[in-house]
Structure formats: structure tokens, C-alpha cells
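What follows is one structure encoded as C-alpha cells, with my remarks underneath.
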Amino acid sequence: MLAAPLALAQETVNIYSYRQPDLIKPVLDAFTEETGIATEVLFLDKGLEDRIAAEGTNSPADVILTVDIARLQAAKDKGVTQALTDETVDANIPAEYRDAEGHWFGVTQRGRVIWASKDRVADEAISYADLADPKWKGKICIRSGQHDYNIALFASLIAHWGEAETEEWMKGLKENLARAPDGGDRNQAQNIMAGECDLALGNTYYVGLMMNNEEEPEQKDWANAIRVIFPTIDEDSGTHVNVSGMALAKNAPNKDEAVELMRFLASDTAQEIYAAEVYEYPVKEGVEASADVQSFGELNADTLPLTDIAANRRAASEMVDRVGLDDGPSS
């Protein structure tokens, strides 16, 4: 855990973040330059909601920055956020990427896509449904089905297909796995390069992280071994997306400054800076993704409200256990 001293003074925004400080520093620096409002960041890799709840009315937290609909909804469910109705924020962030009651807002989005071996997969289009096709038996690698990223995908499929159809699909996916789910998204690209599987599920931003990893340059080879395919859910729905997001803390001591930051994060300038830094797609219409992100291909995002995904997360998690997805294929 890395902690910076937090301030209660005026003209400062105190941020509790699940995102690494170096990833958000460029956009926060731009905010300070434009507004003169300073920022202080407390980074936590777990327990953010519990920390704010324990601090109660004395919490210095003004804004919560986090990733994934699961953590945004967890902050709301824990009672550590407050509703915000703001014309600027609401106008810039599409309704499907924000809480209906104003407790959280998406800032950037990523697709959960299929990574295919450049050498061994000729298919140009593969849908999520196709992952259960026996054609791919022994050819698919994924991280744990219980990971938030996969649970969100499965929850979206339940919203579109219903539980019965999604469970039959998950059974097919299980039988097509090359081995029991393990590792993180980037490890699945490594597995493809090693020839252990031909397809994997991964978030788009990991491709950018691997492509530009100077500290572990072998990851550039992993990225070069895969091709990004943007799967569809059905003929009327695009690729499943998730978000990084923001929320106004329940007892924000610097509320006016906090709202200024949230307005800024919804602006064209911040959307461009932040999305480029984390290799994600802006949520604001009309803001272009960075050149690296555009190189992945065009994202036709599913417009299913994230609240529908949140509502189906428990059913998705129970389904993973019922199917035994994390046990890997039965034969």
C-alpha cells in the first residue's frame, strides 16, 4: 500500500484510488494546471470502501477513482458515495455508463475481447457464442472465471441471453479450455505465444501495456503473438465493455473542488489524456482514442447499461461454481 498525506485545506481534492498513482498523475497534473486546485492521492490495492466506511464522517476522501463496475457498485452498496446531479457530467458521460441515481460515473472504457494467435487462427470474426463451439476444444485459455473481469462478461451475457442459455454456453466454454483457468490476462497472451492455446479472453488495455512494456520487454513478444478480435454478443449487440470510474465520496470535505475534478474528468481534454495513459477508450462521444488504442481495431461497444451487469453479478458467480469452470475441462 502506498499512501500520500491527505489534506483538508481548501483548493485541494483528496482522492482515494484503486488506480496506480503513476497512471492518473498526468490527468491530475492537467487538472491542477487548468484550475489551480491541488490533488492528493491515497492509493489502496484493496479495502478502499472499508477504509472510507471506517473513517465515517471524518473521512478526508473527496473523490473515489476505481476500475470495474464491481468496485463502483461496491462503493455505492457500502454507503461511501453520494449522489451527484451535474449537467456537465451527465451531458458528457452516456447514460449507460453511469449510475441511474448518480452515485458513480464511467470515465474510460475497455473491451473484453478475444485474443487470437496470429500464426494459428485465420478466423477474422469470432463471437462470444463461438467460444463454446467444439471446433475450439482444447484451444482456449482464460484467467479465473471468478475474476471481476470475467464475472462482468458473464453477467452481461445473462442479461442478453438469460441464465439457461448462458449456462449451456459456459459448459461448452469449459470443455474447450486448454487447461484450468490460471494467471492474469497477460499470461494468456504468453500462453498463446507458447502454443498452449490459440484463443484467450483479455481486456483491450493489456495489449497496450504489453506493447509498451520497457521494464519487461518480453511482454512485447506476447503482444506481437496475438491479434485482437472484437466479439459480438448477438446480431444486435456489440462487444462487452467495462469501465474505470469515479464517485463523489459521501462525506467529501472539499465537495466543490471534488465536483470540479469530476467535471474535468468528463471533459474532452481529460478524456483524451486519461484514456491514452491507461490504453483505454474515452466514454465521451467525439473524443478519439490514442493511436495505440486505435491500432487494436474499432470498438463497437455494447450499450447494455452497466447497472444491468451489476445486477447479474451474483448469478454469474454462482454459475461459475455450479458449472465448475475453474476446474478446467473434464476431459
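What to note about this one:
- Segments 100-113, 282-295 sorted - mean Cβ within 10 Å per residue, highest first: 100-113, 282-295
- Mean separation of Cα contacts under 8 Å (6+ apart) over length of the chain, as relative contact order %: 29 percent
- Counting only protein heavy atoms and a probe of 1.4 Å, the accessible surface of the chain is 44% carbon and sulfur.
- Average accessible surface for region 90-165: 37 Å² per residue, computed with a 1.4 Å probe over protein heavy atoms with every protein chain in place.
- Calculated P(r) tail over 18 Å for region 116-157, as whole % of Cα pairs: 36 percent
- Solvent-accessible heavy-atom area per residue, rounded to whole Å², over region 171-242 at 1.4 Å: 39 Å²
- For region 195-331, the spread of Cα positions along the three principal axes, ordered from largest to smallest, is 59, 38, 34 Å.
- Sorted largest first, extent of region 139-178 alpha carbons per principal axis (Å): 27, 21, 11
- Relative contact order [Cα under 8 Å, 6+ residues apart], region 191-308, whole percent: 27 percent
- Residue order by solvent-accessible surface for 76, 135 is 135, 76, largest first, with ligands and nucleic acids left out and a 1.4 Å probe.
- Look at the alpha carbon pairs under 8 Å that are at least 6 residues apart: their mean separation over the length of region 132-277 gives a relative contact order of 22 percent.
- Linear extension gain, residue 118 paired with residue 295, 0.36 nm per residue minus alpha-carbon span: 62.2 nm
- Percent of beta bridges antiparallel (DSSP, the chain, rounded to nearest 5): 70 percent
The values are calculated or read from the model by the stated rules, or taken from the named source; none is laboratory data. Predicted model only: the values in this text are computed from it and were never measured. Note that we place each Cβ from the backbone using ideal geometry, even for glycine, and neighbour counts take in every protein chain shown. Only protein heavy atoms, including side chains, enter the accessible area calculation; ligands, DNA and RNA are left aside. Shrake-Rupley method; radii C 1.70, N 1.55, O 1.52, S 1.80 Å.
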